[in-house]
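The values are calculated or read from the model by the stated rules, or taken from the named source; none is laboratory data. Everything quoted here is computed from the prediction, not taken from an experiment. Here Cβ is always computed from backbone atoms with ideal geometry, including for glycine, and neighbour counts include all displayed protein chains.
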Amino acid sequence: MREPDIAALERRVQERNARAAVRAARGADPDPKDVTRYLYAETAATEVPSEHRNPPIVKEVPVIKRQNGEINYRDALKEAMIEEMKRDGRVIFYGEDVADYGGAFKLTKGLLEAFGRDRVFNTPISEAAICGTAVGAAMVGLRPVVELMYMDFALMASDQISNQAAKWHYMSGAQVRVPLVVRASVGGGKGYGGQHSQTLESVFAHIPGMYVVYPATPYDAKGLLKSSIRDDNPVMFVESQLLYAMKGPVPESEYLIPLGVADIKREGRDVTLVSWGPAVHDCLKAAETLQAELGLHAEVIDIRCLVPLDLETILRSVRKTGRCVVVSHCVHIGSFTGEIASTIQERAFDDLDGPVVRVGAKNGIAPQAACLEAVFYPTPSDVVAAVKRIV
């Protein structure tokens, strides 16, 4: 552009902004009761526009084989990606080494060959660039899924995630949607040390305007990822590397799991154990011990989503059992376990027979030495000990 053209463009923009300012000044003040209106989009891509439906496939992806109806957590996520990319041409996927190499954990191997480089591609090592471009892509009509190799480095993209992705729907009065999924893996428990082991879902749960999902089983991983991709809100989708090899039943038929609906993994009557991610399995093992050694029947609730949180399922269980322990692999201080515990005591205090107890990682930095890491994260024995304090 020539300088006169640039100057003319600047004048037009300034005039448009001035007119918008006048309209805003003349408009009525918003109703105070609407202070949180538009915080979240209430829509999802339940129908794919015809021009994006069933996009062409470069090469068919081999069917993920099941043994007795089971696949592992990693393949469940991959199957969800394949199904959603086949269904909707607006779904794109990118991140560090996710294309030719198939991802650091081989979760996306074969996606490049199936969908081509226009929809599956690598990026530079820049979480800020990955998430920033994804926000823009989502705002103009695509449905990007991006992978962050380790959740620790989501903080490198904190502005793009918390100030852009999470804010635009509210700040635009619902005129802008950001249907974005950030897949972030947690390396805690694998000996990766302080900079590759952090579980930061509690940090992102504190940011209004985005969802936080953390599945514990292959079945949940697939159903929740598919729902996250179709949702019109930005989603932080957390995956524990401890669970990638875990197998479980996953139907071959289409299914979705609604966001914000907890799952009772084990029914009980004496104490409620609330958790998410890998801590769910700590609770299930603890429940077996409690029944075998003390005759206590623990109810295990997997919240599956920190945001939106299914409080009603938790409260119903606590009102039945009268006791509750909340468990996660987060560092104890500032953990989302505190949010759940305080809400239970606010809304179900009269139903409690004892204090709500929290179990989490030590208040420190994840160590690399195996002997130290073994005592850093909570264990089923820690959960059992917590229950014994309140029964």
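Checking the condition at pLDDT 95 or above and not assigned by TED's automatic domain parsing to the domain that holds R143, which residue from I229, I257 passes? Show your work before the answer.
Working: I229 fails: not assigned by TED's automatic domain parsing to the domain that holds R143.
Of the residues listed, the single one that is at pLDDT 95 or above and not assigned by TED's automatic domain parsing to the domain that holds R143 is I257.
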One residue is enough: does segment 199-220 have a residue meeting the conditions over 20 Å from F153 (Cβ atoms), among the acidic types (D, E), touching a Leu at 6+ places or on another chain (Cβ under 8 Å) and not assigned by TED's automatic domain parsing to the domain that holds E339? no
Filtered residue count, segment 347-375, keeping only those that are within 18 Å of R389 (Cβ to Cβ) and among the β-branched types (V, I, T): 3
Residue that is in a helix (DSSP H, G or I) and either touching a Cys at 6+ places or on another chain (Cβ under 9 Å) or of a type in the set (A, V, I, L, M, F, W, C) (or both), where the choices are A8, A28: A8
Only one of (1) outside the structural domain of V146 (by TED's automatic domain parsing); (2) among the charged types (D, E, K, R); (3) surrounded by 12 or more Cβ atoms within 10 Å (Cβ to Cβ) does not apply to E10, and that is (3)
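Given segment 314-391, what helices (runs of 4 or more DSSP H) lie entirely inside it while holding 2 or more residues that are aliphatic (A, V, I, L, M), within 26 Å of the chain's Cα centre (by Cα) and crowded, with 16+ Cβ neighbours inside 10 Å? If you could, list the steps in order and put the result at the bottom.
Values: elements: 336-347, 370-376, 380-390.
Hits in segment 314-391: 336-347.
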So which pairs qualify, if the first residue must be in segment 368-391 and closer than 17 Å to L242 by Cβ, the second must be in a helix (DSSP H, G or I) and of a type in the set (G, A, S), the Cβ gap must be under 6 Å, and the two must be at least 6 apart or on different chains? P380/A286; V383/A286
Considering every residue within segment 211-222, establish whether at least one is at positive phi and touching a strand residue (DSSP E or B) at 6+ places or on another chain (Cβ under 7 Å). no
